[in-house]
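As structure tokens, the structure follows; a few thoughts come after it.
The values are calculated or read from the model by the stated rules, or taken from the named source; none is laboratory data. This one's a predicted model, so the numbers in the text were calculated from it and none came from an experiment. Note that we place each Cβ from the backbone using ideal geometry, even for glycine, and neighbour counts take in every protein chain shown.
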Amino acid sequence: MSSQTSTVGDGDILGHIIRPPYLGLLIFAIIILYKPIAHTLLVLQHYVFTGDSKYAVGLLVGLFGFWLVGKGLRRDELSATAMGYMGGALIWMGWFEHTFEFFGEVMGVDPVMADGKVQLSPNLALMEATVVPFIAMMALFGANRETRCRLLMWFHRNLHMAPPTPTQGYKRNYAWVTAWETIFVTWAFYLMIVMLYDPRLAGIDHPATYIAFGAYLIWGTYLLLRLVKYNEPAAAIRYAIPTTNAFWITIEMASHWKWFPEIWVKPLQYPISAVAFMAAFACGAVLILKRGNDSLPAAVPAE
């Protein structure tokens, strides 16, 4: 991926922030901050809207996500990537999460219980049932010769299933690509943690879950060490999506083990924290979008 010449002066502090390694760290912070914000928004939505109205709001949230992706189709790489990420995140929150919750309710799906406690709510039990369709869709997307997903390319190399060489001069649609990546990565990590929590497979206190916690922490650290080498904001945002998900799954696990309170699901109890998360996310996003094109002409790892 080509780089752009920096126009930032040596004395410009904000300019230095969007250089490696600070660029990757800033984008990591922005993307991972969206996780508690999304939880907070869902909690507030359920608090304000009840009954079928919450599902109607979810429908509108998803439609807004589609609108963002559509508007991003004609934007430059950075704007398209940012709009694709937010669009994909809103589609997941508005249509996926609300759909599982809706059908879990109307179909009367029983929660998964263990020791008299709910281990998986009906919506998560339904989500677990999507693991096979998810694998099938990933296999088909993985066969796309235009993919630049590092994980899929790793499977191509090691399973000797590499598709034909990519089309020469093929121009990627970054809004579409980022939206799909956001949805599939979020979906994948949800499935991972749900299956670990399922007492029929492992369970929240099973040794396998603790081993997985360590593996995700190591994996996330490895990805973060690669992320801080990026000098182009758009590419860094796309790489930050799996990086932050790997870290967030460890945060979710730790909160279930009561290592710390989930303040992001208690916005009425911790309003200052909720506002601080949103303000930090907004400020970081504005900084990246305003100054992001001033990147350094340095080598960037392939996506």
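Restricting Thr81, Thr99, Thr40 to residues that are more than 29 Å from Pro233 (Cβ to Cβ) and either of a type outside the set (Gly, Ala, Ser) or modelled with pLDDT of 95 or more (or both) narrows the list to Thr99.
Candidates Met107, Met93, Met127: the one that is out of contact with any Pro (no Cβ under 7 Å at 6 or more places or on another chain) and either surrounded by fewer than 19 Cβ atoms within 10 Å (Cβ to Cβ) or more than 23 Å from Val185 (Cβ to Cβ) (or both) is Met107.
Looking only at residues in segment 170-217 that are of a type in the set (D, E, K, R) and not in a helix (DSSP H, G or I), the one that is nearest to Ser121 (Cα to Cα) is Asp198.
Within segment 206-222, if we keep just the residues that are small (Gly, Ala, Ser) and under 21 Å from the mean Cα position of the chain (by Cα), the residue that is surrounded by the fewest Cβ atoms within 10 Å (Cβ to Cβ) turns out to be Gly214. Report yes if Tyr47 is surrounded by fewer than 17 Cβ atoms within 10 Å (Cβ to Cβ) and either at pLDDT 95 or above or within 25 Å of Ala280 (Cα to Cα) (or both), otherwise no. It is true that Tyr47 is surrounded by fewer than 17 Cβ atoms within 10 Å (Cβ to Cβ) and either at pLDDT 95 or above or within 25 Å of Ala280 (Cα to Cα) (or both). Each residue in segment 252-265 was checked for being outside any helix (DSSP H, G or I) and under 21 Å from the mean Cα position of the chain (by Cα), and 1 pass. Considering segment 245-303, the residues that are touching a Lys or Arg at 6+ places or on another chain (Cβ under 7 Å) and surrounded by 14 or more Cβ atoms within 10 Å (Cβ to Cβ) include one that is modelled with the lowest pLDDT, namely Leu296. Given the condition part of a helix (DSSP H, G or I) and among the small types (Gly, Ala, Ser), answer yes or no: does some residue in segment 43-54 qualify? Yes, some residue in segment 43-54 is part of a helix (DSSP H, G or I) and among the small types (Gly, Ala, Ser). If only residues of segment 177-204 that are touching a residue at least 12 places away in the same chain (Cβ under 8 Å) and more than 18 Å from the chain's Cα centre (by Cα) are counted, the one that is surrounded by the fewest Cβ atoms within 10 Å (Cβ to Cβ) is Arg200. Scanning segment 42-89 for residues that are within 23 Å of Phe100 (Cβ to Cβ) and free of Cβ contacts under 8 Å to residues at least 12 places away in the same chain gives His46, Val48, Phe49, Thr50, Gly51, Asp52, Ser53, Ala56. Residues in segment 218-251 that are in a helix (DSSP H, G or I) and aromatic (Phe, Trp, Tyr): Trp219, Tyr222, Tyr239, Phe247, Trp248.
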